[in-house]
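Asker: Quick one: this structure, given as structure tokens, is what I'll be asking you about.
What follows is calculated from the coordinates using simple rules that are stated; it is not laboratory data. On a predicted model such as this, the values are computed, not experimentally measured, just so you know. FYI the Cβ positions are ideal-geometry reconstructions off the backbone, even for glycines, and counts take in every protein chain you see.
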Amino acid sequence: MDKEQLIKEAEKSIIDADKAKAEELAKSAIAAGMDPLEVINKGFSVGIAKVGDLFGRGELFLPELILSAEAMKVAADILNASLPKGAQKRGKVVMGTAQGDIHDIGKSMVVSFLQANGFEVYDIGRDVETQKFIEKAQEVDADIIGMSALLTTTMSGQKTLIEELKKAGLRDKFKVMVGGAPATQRWADRIGADAYGVDAADAAEKAMKLLGEK
Ligand code: B1M
């Protein structure tokens, strides 16, 4: 199978919620030496975005969305694991998904990308209380706190994080990066975040910039 065909098949496997096929394609992509991010961005993510649109329009229901998400997660986990781990000397990042939000596929991609670019990442998971981000950042003496949010109702957690840091007198101690489908640069500016990452590669680049490396 050539590259274009594999990417098309990857998209289809998510729309069809075919977990076994998604797994097989992710492994084939690695075996063929393809760029994991390209396979995710042009293939699997296109599929899950189409499924999300159908769900949003009421043309597909939650059980189907869950099955597609499972296929997406299997493929993303395989591709994320194939990314190299950098020397982990660039800086420390605490990363999690906002309170009330269980979407973690994109967050995990960002984690893998940061690791591949040499960051030491503390992944605190999904549906994480805002205070936990702050506690973990203090515990590990992090440089950056990253919060992902996929719901318009949970993105307010990103604003709360900055407010809580200010209240605790810690705003200058940690850089804050935000991201996730509903977040934008405008939102990041509005809440006073230090950076916004549109995707995993951009997040890694922004993290380097935050540490004055680019
Ligand atoms: Co949900 N969901 N979901 N969902 N889901 C969305 C987000 C939605 C847009 C779908 C839709 O209606 N069209 C909609 C939100 C609407 C809104 O808020 N306006 C929605 C909804 C409504 C819901 C539920 C409420 C449904 C329900 O129960 N009735 C429910 C919420 C549960 C909860 O969180 N409390 C729900 C549940 C789920 C599943 C569990 C089935 C599953 C998640 C599984 C999982 O993550 N383990 C799921 C999925 C898969 C989606 C869609 C279809 C896809 C998300 C995804 O994984 N994308 C999504 C539709 C969409 O986004 N178009 C949708 C692929 C991933 C690689 O991209 O996550 O955007 P993304 O991450 C990118 C960038 O955003 C960026 O880099 C990543 C990699 O490039 N990025 C960062 C992410 N975080 C970053 C942080 C950074 C920087 C960059 O710095 C810190």
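Asker: What is the sum of charges around residue 59, taking Lys and Arg as +1, Asp and Glu as -1, for the other residues whose C-beta is under 14 Å from the C-beta of residue 59? Don't skip to the end; give the middle numbers.
Answerer: Working: positive: 50, 57; negative: 53, 64.
Residues close to residue 59 contribute a combined charge of 0.
Asker: Rounded to the nearest 20 Debye, what is the dipole magnitude of the range 3-81 about its Cα centre when Lys and Arg each give +1 and Asp and Glu each give -1 at the C-beta?
Answerer: The calculation lands at about 60 debye.
Asker: Under the 0.36 nm per residue contour assumption, what length would be gained going from the current alpha-carbon distance of residue 1 and residue 156 to full extension?
Answerer: Values: separation 155, 0.36 × 155 = 55.80 nm, distance 4.41 nm.
Additional length available on full extension: 51.4 nm.
Asker: Over its Cα atoms, what ratio of radius of gyration to 2.2 N^0.38 Å does the chain give? Intermediate values should be presented prior to the final figure.
Answerer: Numbers: Rg = 17.4 Å, N = 214, 2.2 N^0.38 = 16.9 Å.
Compared with the compact-globule rule of thumb, the chain sits at 1.03.
Asker: I would also like to ask the following. For the range 1-102, calculate the relative contact order in percent as a whole number, restricting contacts to Cα pairs under 8 Å that are 6 or more residues apart. Show your work: numbers first, answer last.
Answerer: Numbers: 103 pairs, mean separation 35.9, N = 102.
Computed value for the range 1-102: 35 percent relative contact order.
Asker: Still on this structure: Rounding to the nearest 20 debye, state how big the charge dipole of the range 1-147 is about its Cα centre with +1 on each Lys and Arg Cβ and -1 on each Asp and Glu Cβ.
Answerer: On the way: 18 positive and 25 negative charges, 59 e Å.
It works out to roughly 280 debye.
Asker: Let me ask you something else. If you count, for each residue, the other Cβ atoms within 10 Å and average over each peptide, how do 66-74, 90-98, 48-56 line up from highest to lowest? Mind dumping the intermediate values first?
Answerer: Details: 66-74: 18.6, 90-98: 24.6, 48-56: 15.8.
Packing proxy ranking, top to bottom: 90-98, 66-74, 48-56.
Asker: Still on this structure: So how far, in whole Å, is the C-alpha centre of the range 13-77 from the one of the range 138-180?
Answerer: 29 Å
Asker: Only Cα pairs within less than 10 Å get springs; with that Gaussian network setup on the chain, which residue of 11, 23, 164 has the largest fluctuation?
Answerer: Highest fluctuation of the listed residues: 164.
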